[in-house]
1. Among Leu158, Leu165, Leu176, which is the only one that is modelled with pLDDT under 95, assigned by TED's automatic domain parsing to the domain that holds Asp97, out of contact with any His (no Cβ under 9 Å at 6 or more places or on another chain) and not small (Gly, Ala, Ser)?
2. Name the single residue, out of those in the range 1-48 being out of contact with any helix residue (DSSP H, G or I) (no Cβ under 8 Å at 6 or more places or on another chain), among the small types (Gly, Ala, Ser) and at pLDDT 70 or above, that is surrounded by the most Cβ atoms within 10 Å (Cβ to Cβ).
3. Only one residue in Pro208, Pro236, Pro240 is over 16 Å from Ala171 (Cα atoms), in the same structural domain as Asp168 (by TED's automatic domain parsing) and touching a residue at least 40 places away in the same chain (Cβ under 8 Å), so which one is that?
4. Of the residues that make up the range 182-190, is at least one touching a helix residue (DSSP H, G or I) at 6+ places or on another chain (Cβ under 8 Å), within 23 Å of Arg131 (Cα to Cα) and hydroxyl-bearing (Ser, Thr, Tyr)?
5. Got a sec? Which strands (runs of 3 or more DSSP E) wholly within the range 243-331 have at least 3 residues that are more than 28 Å from the chain's Cα centre (by Cα) and either modelled with pLDDT of 90 or more or surrounded by fewer than 13 Cβ atoms within 10 Å (Cβ to Cβ) (or both)?
6. Only residues that are in a loop (DSSP other than H, G, I, E, B), in contact (Cβ under 8 Å) with a residue 60 or more places away in the chain, over 18 Å from Gly139 (Cα atoms) and not aliphatic (A, V, I, L, M): list them for the range 179-202, please.
7. State whether the residues of the range 161-172 include one that is part of a helix (DSSP H, G or I) and over 26 Å from the mean Cα position of the chain (by Cα).
8. Does the range 216-231 contain any residue that is in a helix (DSSP H, G or I) and either in contact with a Phe, Trp or Tyr (Cβ under 9 Å, 6 or more places away or on another chain) or more than 30 Å from Thr2 (Cα to Cα) (or both)?
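The values are calculated or read from the model by the stated rules, or taken from the named source; none is laboratory data. These numbers come from a predicted model, not from an experiment. Glycine also receives a Cβ, built like all others from the backbone with ideal geometry; neighbour counts cover every protein chain displayed.
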Amino acid sequence: MTFTFGFPWAFLLLIPLALLVGWRVTRERKLLAPVIAASSELWAGVRATWRVRLRFVPPLLRALALTALVVAVARPQSGRTYDVTEGEGIDIVLALDISGSMSALDFEPHDRLQVAKATIRRFIEGRKVDRIGLVLFAGKAFTQAPLTLDYGMILQFLDRAEVGLIDDGTAIGMALVTATNRLRDSTAKSKVVVLLTDGDNNAGQVDPRTAANLAAGVGVRVHTIGVGSNGPVYVPVKDPLLGRRLVRQNFKLDEETLRAIADETGGDYFRATDAASLARVFERIDTMEKSPYEIKTFTDFTERYPIPLALAFAFALAEILLAGTVFRRVF
């Protein structure tokens, strides 16, 4: 909330007002001094009434009325400030692998998927004018969220991404085709897919390189990210006899194909072996795929002068009523 005055120079009127009040007080004291002196002996010992003690109230109300009137003339205003972001954004589709291997625990203290989701969240929160979509894939691929500027909705869908949501497998080619279809009719100056996986293509009807050729044909640039440490990793499994337990497994990451996809489409391939390196990858992509934008700040003001104006009227009315009744002078 912002508070300001439309005509702050109006407060200069308080200076002559203060001088006028001071002059009136001094004048009345001079006029009453002989009367007070002559009657001091006569009224010695007589206790002053409450009317005498409160005789300053009418002049005070008059001063308050004039002060409130000056505040009204100064046009007090309250307003709310809001930002409007202007710029030509780019369209980005995030393709996230949620296959079983993404539950591997080599990205301590969480598994690969949880770390990837947290990193992607920060990436999305750093955007301002770019439309973002989300594709999830394992044995199949589907659009979890279409291109949108509603980042809150995207983040909600991202939170719901879990291993087991789709039949297991790694359909990289289908994921890329699905993401490309989301961008096919885009009119953005730049169309980008960020594909994150920890495996090799073992499902789906489309070969990854064919999908890359399709993406390049419609002007889509693909950045690929291969995640996972080298060597065997612990993966939680559900055993019907022993319950949940950890098993060491080896997962194959097809870096050659991921690099070929990036090269075909004019993108880059990145390797992330832990949480820190994955964060650096998205920071790099964030820098590479940044669209210029401008934030304009506006304030919507509401006039508040009726409040001091009403107070001025109330004070003036009270002064008139009291001066003509309770504090009426007879001389």
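1. Going through Leu158, Leu165, Leu176 in turn, just one is modelled with pLDDT under 95, assigned by TED's automatic domain parsing to the domain that holds Asp97, out of contact with any His (no Cβ under 9 Å at 6 or more places or on another chain) and not small (Gly, Ala, Ser): Leu165.
2. Residue satisfying both the conditions and the ranking: Gly6.
3. Pro236
4. no
5. Here the list reads 243-249, 269-272.
6. Within the range 179-202, Ser186, Lys189, Ser190 meet the criteria.
7. Yes: one or more hits.
8. Scanning the range 216-231, I find at least one residue that is in a helix (DSSP H, G or I) and either in contact with a Phe, Trp or Tyr (Cβ under 9 Å, 6 or more places away or on another chain) or more than 30 Å from Thr2 (Cα to Cα) (or both), so the answer is yes.
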